[in-house]
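Data first, discussion second: the structure below is written as structure tokens.
Any read-out appearing in this document is the output of simple, stated calculations on the displayed coordinates, not a laboratory observation. Since we're looking at a predicted model, the values are computed, not measured. Counting neighbours? That spans all protein chains shown, and the Cβs are built from the backbone with ideal geometry, glycine included.
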Amino acid sequence: MLLYDTRYRSATIQVIALIFFMLLAAWLINNTAQNLAELGKPIDFGFFSEPASYDINQRLLDYNSRDTHLRAALIGLLNTLVVAVLGCATATILGVIIGVLRLSHNWLIGRLMTVYVEMFRNVPVLLWIVFIMAILIETLPAPRAFRGEDPAASMLLGDTVALTNRGVYIPEPLFSRSLGDVHMLGGSGLRFDISLDLILLLVVLGGGLWVSRRIKRRADRIQESTGVRPTTWYLRLGVIVVPLAIVLTVLGFHLGYPALKGFNFQGGTHLRNSLIALWLALSLYTAAFVAEIVRSGIMAISKGQTEAASALGLRSNRIMSLVILPQALRVIVPPLISQYLNLTKNSSLAIAVGYMDITGTLGGITMNQTGRELECVLLLMLVYLVISLSISTVMNWYNESVKLKER
Amino acid sequence: MSDVSFVRTEMLPEKAPPVTSAGAIGWMRENLFSGWFNTALTLVSLVVILYVLSAIVPWVLSPTWSGTSLNECREMLAAAGHNGGHGGACWGVIRERWIQLLFGFYPSELYWRPIAAFILLAVALAPILFSDKVPGKLIWFSAAYPFIFPWLLWGGTVWGPIAAAAGFGIGFVVYRILSDAVSSLAGMIGGLVAALIWWLALSGLAVSALESILPIGIEAVESRKFGGFMLSITIGIVAIACSLPLGVVLALGRQSDLLIVKYLCVGFIEFIRGVPLITLLFVASTLLNIFMPPGTNFDIILRVLIMVTLFASAYMAEVIRGGLAALPKGQYEGADSLGLDYWQSQRLIIMPQALKISIPGIVSTFIGVFKDTTLVSIIGLLDPLGLSNAIRADANWNGIVWELYGFIALLFFVFCFGMSRYSMYLERKLQTGHR
């Protein structure tokens, strides 16, 4: 019998497993096909070219309610990425600070950070999101409180930032001698503009970084041959900052400040409460987890490493950057990646505060309007799957590069 | 010439350490004010703590326990001098609705059933959680509990859970007979087939027959009356209990040498871990009925339970895989050299150690799943968050926010914090001194 012969045993089991799996898949697909035929909605992605006829108030690209569902989904996807990137950055910074402070010899600050970590880790993130949303709406002043001779509320940072219960208004970057935009993909649903100013700035910045690296290499070479390292920090800084400043001046860079006009603030960039609440809640919640990761990463490096490094005559900042950090990062990065993934997936809770991310557009209003549950939910899953897999690929690649080189 | 040399004959009494390095002052100098940076940190955190407490304490200590509406609370606060009626909490809403936040719309005369279910849960968990402190015979009650739990919550005829349990009994009997007569593999397959035939074809007939002969049952409760923390705990417990065995199977599949089995498991785990829970809940609320044979329409809570279980099992599988990977290779080789087959070595040698290593991960998955049960409010189930919206829709309590969120957050905190402390206790207890 095939199962008892060790030569064929594993192949037999695998074939049986495969047959079972295919039977299960066929059963599910058959059921789905029958149900859809009964409901009279065969799989059809035609709804993507129909007008969405709903509005999205927080967006990166231009959009109006006459645009298609496809464009609405694209805007939603960009919104998801915005909040994910913002959240990951803030969560990392906050998490590192809190993790380090939790290890502090200061008893009070250590306890305070423990309270923070336990408080955020043990309460659902959805509760934090709606809670922070409620704080923003209930406690911040309305725009009209900024009006009048003796206003009840005032703008912050020298009249540049306005915190209101309709959102936060911050200055926006403007160019008075702008190079203009390039319109890509014309009138289609995927159209977008590329700002030539931004491209120029990025090119100049990249060039500066490249030259700065060349200077560092040269300094390394000199140090290796003569033992004396030339002082280069002002040169390295200068080749980045000076060209950038020149380009900014040539383009006529200035900030557009928000100002109260009529019932609301005009000008500046308007960050809606939903975005702020989601961003803050995700960052604060994830920061608690990141803090624990950082703490355990630092604690994983034995004291002998520090002592050996100082016995070699390294200064304390060199010990940190050459000995402790590279080893701690190796422990920190893999769990950090999964926290980034969690944050990105948790950003789908945007739907609870009305931030129009991909779940709110494709999986929310579009799905309810068109009644195309199967197509919408499957596409939604696909989008998240692609985002998750790309983050983990990039991070695994990084992880591979810092991995312990073993024989 | 006199002898001037002096030798002390007894020890001097010890001097007390200087006040600045001992006692409270010494402790403070060492832990709070060592260096200017630490002093600054201490002062800043003191200011922050005082600021937060000065805002929260008067708000919490507001004499509004007896209020029956938000307006009444505000009047009581104004009378007590809490700046204009807005400076304090309105605890009346918790007094009036706490029972609803716990049980949702479950019929009030039947509250004893969920309470009994959760008390019995503690009894059933005791032999597993505190194996050294309770009699071992209690494990039989733990085995029966999965059938008692849904019966107590949903009610209905007593024959349903008994028939479900009978399926396991039938499968086991067939397995024993066939494995003695033919082989253990035939026994396993035969037992599985017999149990499946019983559950899918015969049990329904048997239940209705027994029901007509001997109608024993308790009042049935519909799923849509479930709500509050009862719902969260139910989803959490069922998902956690079902995901552990599923996770073990998936982890073993992922570690297996059989390529096809391995890739099926990897595909499932990575798919589930790559999508947010909310999309799986959308599947539960809109698509699961489409995937089933035409005409199937099963309960929304059951559908959510299925999807949350699948979700949790993928995470559980990764945690257990970590435990398997952390086990030294010598353990596998040792099991092989003793002549144990795959399942024996897994059951007797690998799994007990791998599960022990993965306890912290398993508990944090438990906590994560329990917290994630709040997401069901997005698809319209009345978990505590969903109920808080329902309560706010009441004209009496329109505009109440912090009290409800605070109460819900506190309950979640108590549960999750308790679980994490238990995991630490378990880690210490199972520590066999390998470090």
Rg followed by Dmax, in Å, when segment B:334-382 is reduced to its Cα trace: 18.3, 56
Check: segment B:3-153 dipole with +1 on Lys, Arg Cβ and -1 on Asp, Glu Cβ, in debye: 360
Residue-by-residue Karplus 3J(HN,Hα) for segment A:317-325, coefficients 6.51, -1.76, 1.60, Hz, glycine and proline x: 6, 5, 4, 4, 7, 9, 10, 6, 4
Neighbouring partner chain Cβ atoms per residue of B:25-34, average, 10 Å criterion: 2
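May I ask for the net charge around A:Arg121, where only other residues with Cβ less than 14 Å from the Cβ of A:Arg121 are counted and Lys, Arg are +1 while Asp, Glu are -1?
Computed value for this residue: +1.
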Calculated FRET value between B:Ala390 and B:Glu109, using beta carbons and R₀ = 30 Å, to 0.05: 0.90
Net charge of neighbours whose Cβ lies under 15 Å from the Cβ of A:Ala308, counting Lys and Arg as +1 and Asp and Glu as -1: +2
All lysines inside 27 Å of A:Lys216 as judged from Cα atoms, apart from same-chain residues fewer than 8 positions distant: A:Lys403, A:Lys405
Neighbourhood net charge (9 Å Cβ-Cβ; Lys/Arg +1, Asp/Glu -1) for A:Leu61: +1
Shielding by other protein chains, B:412-418, mean Cβ within 10 Å: 3
Pairwise label distance in nanometres, B:Asp299 with B:Ser212, each label 7 Å out on the Cα-Cβ vector: 2.5
Proxy reagent accessibility, fewest Cβ within 10 Å first, across B:Glu403, B:Glu427: B:Glu427, B:Glu403
Centre separation in Å (Cα based) which lies between segment A:308-357 and segment A:233-282: 27
Burial ranking of peptide ranges B:56-68, A:356-368, A:28-40 (average Cβ count within 10 Å, highest at the top): A:356-368, B:56-68, A:28-40
Sequence-distant residues sharing a close amide H with A:Gln58 (under 5 Å, placed H): A:Met356
Nonlocal amide H pairs with A:Thr164, under 5 Å, H built at 1.01 Å: A:Tyr169
Efficiency of FRET from Cβ geometry, B:Ser34 and A:Phe45, R₀ 60 Å, rounded to 0.05: 0.35
Cα-projected label distance for B:Arg8 with B:Tyr51, points at 7 Å along beta-carbon direction, nm: 5.4
Neighbouring partner chain Cβ atoms per residue of B:278-284, average, 10 Å criterion: 6
Free-standing Cys residues across chain B, given no other cysteine C-beta under 4.7 angstrom: B:Cys242, B:Cys265, B:Cys416
Euclidean distance between Cα centres, segment A:24-82 to segment B:333-371, Å: 43
Shape category assigned to the protein assembly as shown from the gyration tensor of Cα positions, a/c cut at 1.5: rounded
For chain B, with +1 on Lys and Arg beta carbons and -1 on Asp and Glu, the positive-most of B:Thr39, B:Thr68, B:Leu259 along the dipole: B:Leu259
Extreme residue, positive dipole direction of segment B:380-435, given options B:Cys416, B:Leu404, B:Pro384 (C-beta unit charges): B:Cys416
Virtual spin-label span in nm between A:Phe20 and A:Tyr54, 7 Å along Cα→Cβ: 4.2
Estimated FRET transfer efficiency when R0 is 41 angstrom, pair A:Ala259-B:Ala80 (beta carbons, to 0.05): 0.45
Nearest-20 debye value, the protein assembly as shown charge dipole, Cβ charges on Lys, Arg, Asp, Glu: 2240
Label point at A:Glu224 placed 7 Å out along Cα→Cβ; residues across segment A:302-329 whose backbone nitrogen lies under 13 Å: none
For chain B: lysine pairs under 20 Å (alpha-carbon distance), excluding those fewer than 8 apart on one chain: 5
Charge dipole of the protein assembly as shown about the Cα centre (unit charges at C-beta), most positive-ward option of B:Ala144, A:Gly297, B:Ile56: A:Gly297
Full-stretch length increase - A:Ser390, A:Leu325 - with 0.36 nm per residue and alpha-carbon distance subtracted: 20.8 nm
